[in-house]
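Scroll down for the structure; my scribbles are underneath it.
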Amino acid sequence: MPGFQSGGSAADWFEETLHKGFRARYRVEEILHESESNHQHLVLFRNEIFGHVLALNGVIQTTERDEFVYHEMLAHTPILAHGAARDVLIVGGGDGGMMEEVLKHKSVERVTLVEIDAGVIEFSKQHLKSICGDAFDDPRADIVIADGMAYVAETDRRHDVMIIDSTDPIGPGEVLFTEKFYKACKRCLAPGGVLVTQNGVPFMQGDELRHTIRALRPLFADVGCYTATVPTYMGGCMAFGWACDDLNVRATPLDALRERFAAAALETDYYTPEVHVGAFALPRYIERLIA
Ligand code: AG3
């Protein structure tokens, strides 16, 4: 079983294999599901601290207990900064957690989820209700099983907010970190639209963020990043890329964010308008990485 190790006692441990030279282990109370899809190895287990834990190819993607940090920050930050997003695209995100956050915005009329692996979606509907809720049944949800790269290169649609909810750049997720992909994203972004990306933990994976920022810079008037701390993405804060052609979107004043947040009547566990603004204040080592 990839990722699993006997801890020397009765309990089994899941060992995440993402980083060279660093491993984190999670005690497995119970394996709830394990399978091999056309694209990847999928496992769901239960851990005392994190609840249900989903790992793809040995890398933890999301957990019941801490998914809110990542999903709220990648969904609400661009949507509330934009202020009038009606059409949202999610690339990846087959677990449905991102879509669930996006659908909390009543002003959003359509969310398109482009996921390469139908297996992840089927599985999440069955086993990850606590993360995706009823998002897959929402009439505003449009589920497309396709390669994200092909979708953004070919679609005629234009999106106000695009969220790249990918895995790390290993395996099927790799293409979602290329210049070619970002160019195609720009093509299907509506005027004033915002693109946000997941860029890993810069302390551990600095190159991932550096490459994305370098690839985005020539394409958009405003390129930057913001951060949030997700407990299971080990090694410090996680970085999210930001790209937009309108400089005013990132500069949306706190008062406006507070008004929009109140109007949207969102219940959140991490996101607040204050956290939103603060998330763009970068520690020096990250500033240097993207300079
Ligand atoms: N996808 C991002 C997982 C990143 C894990 N990387 C890491 N630990 N450095 C999450 C998908 C949730 N919808």
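The values are calculated or read from the model by the stated rules, or taken from the named source; none is laboratory data. In this text the structure is predicted, and so the values were computed from the model without any measurement. Positions of Cβ are backbone-derived with ideal geometry, glycine not excepted, and every protein chain shown enters the neighbour counts.
Tallying residues that are away from the ligand (no atom under 12 Å from the Cβ) and either in a strand (DSSP E or B) or within 18 Å of Met162 (Cβ to Cβ) (or both) within region 188-215 yields 12.
Within region 81-118, the residues that satisfy the criterion of being at pLDDT below 95 and within 15 Å of the ligand (Cβ to nearest atom) are Ile116, Asp117. Filtered by the rule that a residue be within 15 Å of the ligand (Cβ to nearest atom) and among the β-branched types (Val, Ile, Thr), region 43-76 gives Val43, Val53, Val59, Ile60, Thr62, Thr63, Val69.
Taking region 230-268 as the range and being part of a loop (DSSP other than H, G, I, E, B), surrounded by 15 or more Cβ atoms within 10 Å (Cβ to Cβ) and not hydrophobic (A, V, I, L, M, F, W, C) as the test, the residues that pass are Thr232, Tyr233, Gly235, Gly236, Asp245, Asp246, Thr252, Thr268. The set of residues in region 9-41 being assigned to a loop (DSSP other than H, G, I, E, B), away from the ligand (no atom under 14 Å from the Cβ) and touching a Lys or Arg at 6+ places or on another chain (Cβ under 7 Å) consists of Ala11, Glu29. Residues of region 154-169 include at least one that is under 18 Å from the mean Cα position of the chain (by Cα), within 16 Å of the ligand (Cβ to nearest atom), closer than 16 Å to Ile121 by Cβ and assigned to a loop (DSSP other than H, G, I, E, B).
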